[in-house]
Each structure stands twice: as structure tokens, then as C-alpha cells.
1. So how many residues does the range B:161-170 have that are surrounded by fewer than 21 Cβ atoms within 10 Å (Cβ to Cβ) and not small (Gly, Ala, Ser)?
2. Take A:Thr177 and decide whether it is in contact with a Phe, Trp or Tyr (Cβ under 9 Å, 6 or more places away or on another chain) and within 25 Å of A:Leu136 (Cα to Cα).
3. Just checking, which of A:Arg53, A:Arg47, A:Arg96 is at pLDDT 95 or above and farther than 24 Å from A:Gly24 by Cα?
4. Examine the range B:132-153 for a residue that is within 20 Å of B:Met240 (Cα to Cα) and facing chain A (nearest Cβ under 9 Å), and state whether such a residue exists.
5. Which one of these is surrounded by fewer than 24 Cβ atoms within 10 Å (Cβ to Cβ) and either within 26 Å of B:Arg224 (Cβ to Cβ) or more than 7 Å from chain A (Cβ to nearest Cβ) (or both): B:Ser120, B:Ser99?
6. Could you please find all residues in the range A:31-49 being away from chain B (no Cβ under 11 Å), among the hydrophobic types (A, V, I, L, M, F, W, C) and not in a helix (DSSP H, G or I)?
7. Scan the range B:202-212 for residues that are over 14 Å from B:Ile177 (Cβ atoms) and surrounded by 14 or more Cβ atoms within 10 Å (Cβ to Cβ) and jot them down.
8. Does A:Gly89 satisfy being on the phi > 0 side of the Ramachandran plot, among the small types (Gly, Ala, Ser) and not assigned by TED's automatic domain parsing to the domain that holds A:Gly259?
Amino acid sequence: MAKYAYTEKKDTRSGFGAGLLELGKQNPNVVALCADLTGSLKMDAFRDAFPERFIQAGIAEANMMGVAAGLTIGGKIPFTGTFANFSTGRVYDQIRQSIAYSGKNVKICASHAGLTLGEDGATHQILEDIGLMKMLPGMTVINPCDYHQTKAATLAIAEHEGPVYLRFGRPKWPVFTPENQTFEIGKALTFQEGNDISIFATGHCVWESLKAAEALEEEGISVEVINIHTIKPLDQEAVLRSAAKTGRVVTAEEHQRNGGLGDSIAQLLAMKQPTPMEMVAVNDQFGESGKPEELFEKYGLSSKDIVAAVKRVMKR
Amino acid sequence: MPNHQELEKIASQVRRDIVRMVHAVQSGHPGGSLGCADYFTALYFEILKHNPQNFEMDGEEKDLFFLSNGHISPVWYSVLARSGYFPLEEMSTFRKIDSRLQGHPTTHEGLPGVRVASGSLGQGLSVACGAALTKKLNQDSNLVYSLHGDGELQEGQIWEAALFAAHQKVDNLIATIDWNNRQIDGDVEDILSLGNLRAKFEAFGWEVLEMDGNKMADVLDGLRTAKDRTGHGRPVVILMKTEMGQGVDFMMGSHKWHGIPPNDEQKEAALAQLEETLGDF
């Protein structure tokens, strides 16, 4: 019997939009900027409710990041919105110098991350953004797993002083975490306890991991599924505790293997508690056009791939 | 309120500070710093509404200044120290280990007077626009000033910001361009021509002024006129003609002194041309 079920699918970007609207009501210092993707980012409700606090930046992301940095001077809390590709790679130096190094309280909110952007193809399917952002000193990096968690994360980052990268996606995806949850930055969530294997997953791959766990449990393998929504700062204690208990680790993420969540966990385990490990991630490839589910399958991110990774690591 | 002769004396000391800082560590950018000494002196000792003794990042009810071409940090550090943001002696730490006076300005070490890091070029106009919009949102009627190199205008982000400032009617911003026509590799017009800069900014929807950045009376006039032009729906830019290396004859007339320090002999020759008016640090 599955411990996690869903009754509906919703896109995580809509969770962001709902969170942003609520923030607008709660906090008069919250301002939002968007680079000509207001509908895609679901920022229209905020724009319509608080037009004086919404800045349309046009297709000029570098400027948008600089403007956001400047807006913090005088106490505003800017939320920038565009696709993940244009939120990171395109504007890396602006984020590095004007936001991260300058210690500015900017919330970089990035939709359409990863393969699940789908048909637009590899130009837009950034799979390097977590790595780019986690390398910046002082940057918090969050990749929530469903609609409710994304909404809660959006609310939580407004309370956090300092730059944050919030990554979410385009497709409708199972909603399985509770409504109105409290989101604690940097705190891993144990979705399922088990003794044979620890799966650490983030973003859309959390649902795939829960599906994989269900299949594995049927084969008598006891699986622990831990949601690492905050890649940085990593909940080291949770990772080490679970890895010590099960002695085997699999990570799952919609990102390049280089620079992603698995890379962070491997670094931690290698230094503190070497543990056999497999990584489910894209392996040094660009994506392509297709449906999200097809892409997950082709690039090895589906629940079947997680099951296979668990079996590999259990043989080691 | 100092008159312009008194400001010229301060500027002379600022130029000495620049030469001595860059010489002491044998690195840094003296050329553009010397060229902008008069602008910085006028701004910090006459024009800006600021409180050097009690610097606050948010700068509420104060004017703000952003240096976008961060490599001319020596002139800024000198003027910040001379106007009371930090002790004069700290200038001797410029570009050395454990210093708040980094090669390029930063907030990271907590130096009073600096509100954003700069150095990677082209970013400061966007930041200044953001800060100016926050002033509007906060109903704070004070102004935002920014300085940019002319070579820096080759960065695309500047023109994104130029579009943005006009579109958003950022009319509480006075950007100044240090128009010395020099950059590291040579003359700006030879490297990547800016063409008709006045026409470009006008076409982007800006109010455009020009001034001689090495004549104190002209700088004061120019900055005051610019203030008068704020609040009319358009961002204001001052095209400021300067001479790289101004005040030290052998550093003028070429791009050579953009980023190299004087040796001992050159330092003495430079200081001989710059009157010590306020006492060296």
C-alpha cells in the first residue's frame, strides 16, 4: 500500500505564483520583477493585485538582476522571475557580483528548470543551474518537489535574509505534500523510513523516488526516502544519519550529475562517512524536445532508473 | 559650504592620495582616478546629501552614489576618507591583505560608503536604477548618482539599463559618464567606437547634459543643473569630458596610465605637480 498518493497534478510554478500573491498581501516590502514571462511564471495575480510593486523588466535579464540588487537598498525584498536558464547561466556574473558578493537580499525565482520544460528543447532545459548557484558563496539553493512545497518555500524565503535561488518547473506534477505546510530552509524531510537504502531526492524526482520505493518495498527492500529540498545549505546531519543507518545511498535529481545534489552528498559522504552510492541524474548530456515523461525515461530519471540504481548499489 | 577654490585644493590632495596609494602597493588604476578627482570632490564635498559619520546601507533620506567603473577605486577611497567615512590612515591598506580597501570596491568587507560591489563592468547603472525605484516606492525624494566609464558603455547591460530607466521614468537618477576616450587597449574610438553618444542617450529617452569634468566651476554647475533637471519624467545623464591622468603631465595624453603604478621616481615627479593641501595620509 502506497504511503503517498495524489488526487491532482499541479505545476510547481503555480505554487510559486500563489505564494507570491500571498506574500504581496503579507509584506509591503515584497516587490516582483519579471522578464516578459509573467504568465509563464504565474506572476499575473501579483501584478494585478500590486501593480505599483511589480516591475516589468522586458527581455533584459542582466539589467533585471542589477535592478533587483538596487531595490534592496532601502529595504525592498525583490523576487525576480524568469526561466531557470535565464535566471542563472545568462546572468551569472550579475548575480555573482551585484547580488551574491554584494550580499543583497534578492530572491531569484526560476521556472521551467530541467528536462520537464519539455517541447522547447535543450536551449531552454537548463540542467546546470543548481551547480552554478550552489558554487556562489552565501547563496541558498532550493528545489521544491510539488505545488504545496513550492508555495511554502516561496513564503519562507521572504523571511530569510540573503540571496536565494528558488528552482521550480513547468509540468503538472503530482501534489502529495500537505497544504499549508511550514517550510524550514535547510531541513530535510523524511517521507518514508526504511533500513536497506537511503534515497535522497529533490524536485520532480521526489515523486519518482516514492514510486520507486513502492516497487522496491514489494520486493522486500526497505527504503528510506528523504526529500532534500534545500541543496544548500545541505542538511548534513540528516544525510549522515540516514546513510549510517542504511549503509547505501542513491540520489535523484533533474540536473546534471556534475554540480547537483548527488555531487553535494558525495562530497559530504566522502569526507565524513564513505558510503556506497549511485546517482540518478543527467550524465553530461543536453536534453531535447519531447514530453516530460518521455524525457525522464530517455535520460534516465524515471522511477525505473531509481529502482535500477538501488539494485546496483545493493550489489556493491 | 566650500567655494570652488577650496574644492580645487581638496581635489589636489585627492590626487596626491591616488598617486601615493597606487605607488605604495605597486598596483591599481591611477589614470581614470586622476581624471575623476574633480567630479568626486564636488560630489562628496558640495552636492551629495549624506552622513559620512553614520553610514547606513539603506541610505534613507540621503542621496546615494554608485561607482560602476570600480577600477577607479583610489579616487573614491580618497574622497570617502577625506569626507569622514573612515580614517585617513586606512588608505595605506589599499589592495593589501586583510584590507577593507579592496582593489575593486565591495560591501563584503564592510567599508562605509560602498553599497554594491563593482569591477566587472556594466552593472552599476542597473543597480542605480533599482535603488532609485526603491526611493520612489518609499516616497524618498532624494537622488541617486552613478558614475560610469566611457569604455564601460561597450557592455550591453548598460543599454538594457538605459532603455529601462527611460521606460520606467527613473527621473531621480543622475548618471555621469567619464568621457575620457581612453580604455586599456587604446582610445575608445579605435577599440569600439561609441559614435554620437549624445544622440544615443537622447534617442533612448534621456535628458543629456555635458560638462568639463576637469574644471571645478563647470563640474559644480553641471551637477547643479542636472539636479534641476530631475523630477521631470526622464533620467539624466552628464557626458563629462575628462583627461585621463589629469594633474600629472606625463600621465596625460594617452591610455598608458590606465592601470599601471608609478615607480619611485615617477611618484616624486607626480607629487611635485600636486600641492599637499590637507596633509598626506
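The values are calculated or read from the model by the stated rules, or taken from the named source; none is laboratory data. Predicted model only: the values in this text are computed from it and were never measured. Glycine also receives a Cβ, built like all others from the backbone with ideal geometry; neighbour counts cover every protein chain displayed.
1. Step one: of the range B:161-170, the residues surrounded by fewer than 21 Cβ atoms within 10 Å (Cβ to Cβ) are B:163, B:166-169.
Remaining after also requiring not small (Gly, Ala, Ser): B:163, B:167-169.
So the answer is 4.
2. Answer is no for this residue.
3. Result: A:Arg96 is the single residue among A:Arg53, A:Arg47, A:Arg96 that is at pLDDT 95 or above and farther than 24 Å from A:Gly24 by Cα.
4. yes
5. Of the residues listed, the single one that is surrounded by fewer than 24 Cβ atoms within 10 Å (Cβ to Cβ) and either within 26 Å of B:Arg224 (Cβ to Cβ) or more than 7 Å from chain A (Cβ to nearest Cβ) (or both) is B:Ser99.
6. Listed by number, the residues that qualify are A:Ala32, A:Cys34, A:Leu37, A:Leu41, A:Met43.
7. B:Gly205
8. The answer is no for A:Gly89.
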